[in-house]
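Read the structure below first, then the notes.
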Amino acid sequence: MQVYADPVGYWRVKWNLFDFIILWVTVILALIEASVSSTVPALRIMRTLRIVCVFRIMNHVQGLQILMMAFFKTMTEWVASALLLLLIIMYIFAIISDHYFHTEDVWWGTIGRCLMSLTSFFTVRNVTSNVKSEFI
């Protein structure tokens, strides 16, 4: 409706331009998907980008802006503190594992190798190959 009321003013607002592009690219990709009868991965990305339009509400509601800024500031402080604490704990366990498993093995031997080995064990990434190479 804004396009009919104020066509020039409508195109000056960047959110309106963003909405227009997302809408028409989604429509075109949906038509392509319907004609090919297979899933187009770009369509999922465009549908996800439409969620970004919800953040436009933050421009109009001052209380929501304050709330979101406080949330992001708090989360960055907490995440940074948690990552630092995790790094310290991992380093302590790397020193302990270097002391107990100090060999010239691929997985142990230096504190850096111990950190990498502990990280792979904690994240359960390549654990089977690590354990298999140790015991076989």
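All of the numbers you see were taken from the coordinates with simple rules; none came from a lab. Fair warning: this is a prediction, and the values are worked out from it, not measured in the lab. FYI the Cβ positions are ideal-geometry reconstructions off the backbone, even for glycines, and counts take in every protein chain you see.
Let me have the 222 nm mean residue ellipticity of the chain computed from DSSP H runs of 4+ only, each contributing -39500 (n - 2.57), with the sum over all residues rounded to the nearest 500.
-24500 deg cm²/dmol
Rounded, prolate or oblate, given the Cα gyration tensor of region 28-77, with a/c below 1.5 counting as rounded? Could the numbers behind the result be given before it?
Details: a/c = 8.15, a/b = 2.73, b/c = 2.99.
Note, shape of region 28-77 comes out oblate.
Taking every pair of alpha-carbon atoms in region 1-60, what share in percent sits in each 5 Å bin, from 0 to the bin with the longest distance?
4, 17, 21, 19, 16, 11, 8, 3, 0
For Leu29, what charge total do you get from the other residues with a beta carbon under 14 Å from its beta carbon, if Lys and Arg give +1 and Asp and Glu give -1?
Working: positive: Arg44, Arg47, Arg50; negative: Glu33.
Once positives and negatives cancel, what remains is +2.
Can you give the angle from 0 to 90° between the axis of helix 14-36 and the longest principal axis of the chain, with both taken from C-alpha atoms, to the nearest 10?
So the helix axis and the longest Cα principal axis differ by about 80 degrees.
Against the globular-protein guess of 2.2 N^0.38 Å, express the Cα radius of gyration of the chain as a ratio, rounded to two decimals. Before the final figure, lay out the partial values.
Details: Rg = 26.1 Å, N = 136, 2.2 N^0.38 = 14.2 Å.
My calculation over the Cα atoms of the chain gives 1.83.
With a sphere of radius 11 Å drawn around the Cβ of Asp19, what net charge do the other residues whose Cβ falls strictly inside it have (Lys, Arg +1; Asp, Glu -1)? Mind dumping the intermediate values first?
On the way: positive: Lys14, Arg50, Arg56; negative: none.
Counting the neighbours of Asp19, the net charge comes to +3.
Count the net charge of all other residues whose Cβ sits under 15 Å from the Cβ of Gln65, scoring Lys and Arg as +1 and Asp and Glu as -1. Working shown, then result.
On the way: positive: Arg56, Lys73; negative: none.
Spelling it out: positives minus negatives among the neighbours equals +2.
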